[in-house]
Structures are given as structure tokens and as C-alpha cells.
1. Taking the condition of being touching a residue at least 40 places away in the same chain (Cβ under 8 Å) and either away from the ligand (no atom under 15 Å from the Cβ) or out of contact with any Ser or Thr (no Cβ under 6 Å at 6 or more places or on another chain) (or both), how many residues in region 188-214 meet it?
2. Quick one: is Leu68 under 17 Å from the mean Cα position of the chain (by Cα), more than 8 Å from the ligand (Cβ to nearest atom) and either assigned to a helix (DSSP H, G or I) or more than 22 Å from Ser183 (Cα to Cα) (or both)?
3. Can you pull out every residue in region 132-166 that is hydrophobic (A, V, I, L, M, F, W, C), farther than 28 Å from Asp196 by Cβ and in contact (Cβ under 8 Å) with a residue 40 or more places away in the chain?
4. Scan region 143-160 for residues that are in contact with a Cys (Cβ under 9 Å, 6 or more places away or on another chain) and under 21 Å from Ser115 (Cα atoms) and jot them down.
5. Kindly indicate the residue of region 1-18 that is open to solvent by less than 70 Å² (accessible area, probe 1.4 Å) and more than 10 Å from the ligand (Cβ to nearest atom) and also farthest from Asp75 (Cα to Cα) among those meeting that condition.
6. If you take the residues of region 22-34 that are more than 7 Å from the ligand (Cβ to nearest atom) and under 13 Å from the mean Cα position of the chain (by Cα), which of them is surrounded by the fewest Cβ atoms within 10 Å (Cβ to Cβ)?
7. Name the strands (runs of 3 or more DSSP E) wholly within region 99-161 that hold at least 2 residues that are open to solvent by 30 Å² or more (accessible area, probe 1.4 Å) and within 24 Å of Ile4 (Cα to Cα)?
8. Consider Lys40 carefully, then state whether it is buried (at least 22 other Cβ atoms within 10 Å of the Cβ) and either free of Cβ contacts under 8 Å to residues at least 40 places away in the same chain or closer than 21 Å to Lys69 by Cβ (or both).
Amino acid sequence: MRIILLGAPGAGKGTLAEMLEERKGLSHISTGDLLRKEVKENTALGKEARKFMDKGLLVPDALVVEVLKKNLNSDSGFVLDGFPRNINQAKMLEENDIDVDTVISLRVKDAIIISRLSGRRICSKCGKIYHLVNMPPKKEGVCDVCGGALFQREDDREEVIKKRLEIYRKESEELIDYYAKRSKLKEVDANAEAEDTYGKLIEVLEEDGKKREN
Ligand code: AP5
């Protein structure tokens, strides 16, 4: 399975991609995580990317593509989380012969997005995603899996969230249309809690897989 997850900030792309990795053995490739790693390691690419990320803006395509190429092995199953973000990036996948089976568009109401992002916490060691109310850790501030300290992302501040949402709305319509025209697009209602949403996602992927086999 080679899947793209599209969706607004906070739609649950990372959470669902983690579940697909754990349960279906797909590689979870998040361009956001890859860029944050570059920022943390203070690489030249990370220093440049940070200027855009802190403001909630998209990082220039050339930088994102560079980081993606270093980390994507297109010979095995993967789930792309946060890439492509615009038509240019979608075309880059095609030009590099990186074919995808299904593109999932996750639909979530705005009010839910804001509450998910403001309550999100992430493990500083293993990257596991939590939510203060929806998916709290057993011990406050500590990761259940590896004991790492939990932190809040820099771009989960209210004014930056607004900018990220604005950009998503501007870019996503065209992108969704691009994949709909190629008969790759499927929609999933992602307003419910994570297990329910994961169940819906699997139903859609299985149905799509059967259609492709016939
Ligand atoms: P990126 O890291 O990709 O952020 P994003 O797209 O804004 O998405 P998020 O990670 O915020 O949300 P998510 O949908 O993964 O939600 P999550 O599962 O964590 O990008 C960050 C920045 O990097 C960009 O702004 C840009 O600058 C740059 N960048 C990245 N890719 C780029 C690209 N291709 N081109 C250019 N620039 C790029 O869930 C959120 C919270 O909700 C969590 O707390 C979770 O526990 C909770 N939650 C999730 N699902 C549910 C559920 N169903 N029910 C209840 N709670 C839930």
C-alpha cells in the first residue's frame, strides 16, 4: 500500500499514519517530522526551513523535496503525511516515478481542529503524539512508550495555527481536485475519535484495494 494522507493541520494525519505503521507495517514518512529533525540538528537546511515553519508558512518546495528524497524508499509500502502540499509537489512525485495507490482526504470541522492542536503534546525522544484530553499519557508530561519528556510544538500557538489553516485552505482545493481527476481520491470523515476514524480509513483502503484488483 502506498498512501497519501491529506488534511488540515490537526486533522489527525500523524496519529493515523502512526497507527498504519504499527498495525500494517507501512513506513510513516512525515515531511513535518523530517524538517523538525533538521531544525533540531541545526543543519543548514534546518536553519533555512525554520524561518518558514515558525511563521506557519510552507517551506520552499526544493528544500522539502531534498529532505523527502533522502528518506523515502518507494520500493516498499509507505504512508506520506504532509506531502504533497501543493500541485508542484504532487507533480514532483510523478516526475520521480513515485506512484501512489490511494490519496485520502481527511475531513474535520474547524472547532475540532483548534482544540486538537492546542492540546497536542509530543514525545521529545520517540515522537509519539498525545493529546491532553483525548489521548493523555498515563503520567502527566511523560511518554508512556519511552519515558521521554512531552513538549508542545512551536507552531501550535494560536496565531500560527490560524496561518497554517489559511494556507491549507488556499492550497488544498487544487490538490484534492488534482487527485480526484486521476481517480485516486477518497474522503474520510475524521471528526470522530482516533480508533473510529482508523476503522473508517481501513474500510476505505480495503474497498479501494479490491477495486484495483478487479
Ligand atoms: P506538519 O508537521 O506536516 O503539520 P500539519 O500538516 O500542520 O499537521 P499537524 O502535524 O499539525 O497535524 P496532524 O494532521 O498530523 O494531526 P495529529 O495527528 O498530530 O507541518 C508543519 C510545518 O512544516 C508546516 O507548517 C510547514 O512549514 C512545514 N512543512 C511540512 N511539510 C511540508 C511540505 N510538504 N511543503 C512545505 N512545507 C512543509 O493530531 C493533532 C492532535 O489531535 C494530537 O494531539 C492528537 O493526539 C489529536 N488527535 C488526532 N486525531 C484525533 C482524533 N480522531 N480524535 C481526537 N483527537 C485526535
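1. The first filter runs over region 188-214 and keeps only residues touching a residue at least 40 places away in the same chain (Cβ under 8 Å), leaving 188-191, 193-194, 197-198, 201, 204-205, 208-209, 212.
When the remaining residues are screened for being either away from the ligand (no atom under 15 Å from the Cβ) or out of contact with any Ser or Thr (no Cβ under 6 Å at 6 or more places or on another chain) (or both), the result is 188-189, 191, 193, 197-198, 201, 204-205, 208-209, 212.
Counting residues in region 188-214 that are touching a residue at least 40 places away in the same chain (Cβ under 8 Å) and either away from the ligand (no atom under 15 Å from the Cβ) or out of contact with any Ser or Thr (no Cβ under 6 Å at 6 or more places or on another chain) (or both) gives 12.
2. Working: under 17 Å from the mean Cα position of the chain (by Cα): yes; more than 8 Å from the ligand (Cβ to nearest atom): no; either assigned to a helix (DSSP H, G or I) or more than 22 Å from Ser183 (Cα to Cα) (or both): yes.
No: the conditions fail for Leu68.
3. From region 132-166, those hydrophobic (A, V, I, L, M, F, W, C) are 132-133, 135, 142-143, 145-146, 149-151, 160-161, 165; that's our starting set.
Filter once more, so that each one left must be farther than 28 Å from Asp196 by Cβ: 149, 160.
Within region 132-166, just Val160 meets the criteria.
4. Correct list: Cys143, Leu150, Phe151.
5. Narrowing region 1-18 to residues open to solvent by less than 70 Å² (accessible area, probe 1.4 Å): 2-18.
Now narrow it down to the ones that are more than 10 Å from the ligand (Cβ to nearest atom): 2-4.
On the way: Arg2: 10, Ile3: 13, Ile4: 15 Å.
This residue is Ile4.
6. Within region 22-34, the first condition is being more than 7 Å from the ligand (Cβ to nearest atom), and the residues that meet it are 22-29, 34.
Filter once more, so that each one left must be under 13 Å from the mean Cα position of the chain (by Cα): 27-29, 34.
Details: Ser27: 17, His28: 20, Ile29: 20, Leu34: 20.
Across region 22-34, the extreme among qualifying residues is Ser27.
7. Working: elements: 102-107, 120-123, 129-131.
Here the list reads 120-123.
8. On the way: buried (at least 22 other Cβ atoms within 10 Å of the Cβ): no; either free of Cβ contacts under 8 Å to residues at least 40 places away in the same chain or closer than 21 Å to Lys69 by Cβ (or both): yes.
For Lys40, the condition - buried (at least 22 other Cβ atoms within 10 Å of the Cβ) and either free of Cβ contacts under 8 Å to residues at least 40 places away in the same chain or closer than 21 Å to Lys69 by Cβ (or both) - is not met.
The values are calculated or read from the model by the stated rules, or taken from the named source; none is laboratory data. Just so it is clear, the model here is predicted, and its values are computed rather than measured. A quick note on method: Cβ atoms are made from the backbone with ideal geometry, for glycine too, and the neighbour counts reach across all protein chains shown. Ligands, DNA and RNA are excluded from the accessible area calculation, which covers all protein heavy atoms including side chains. Shrake-Rupley method; radii C 1.70, N 1.55, O 1.52, S 1.80 Å.
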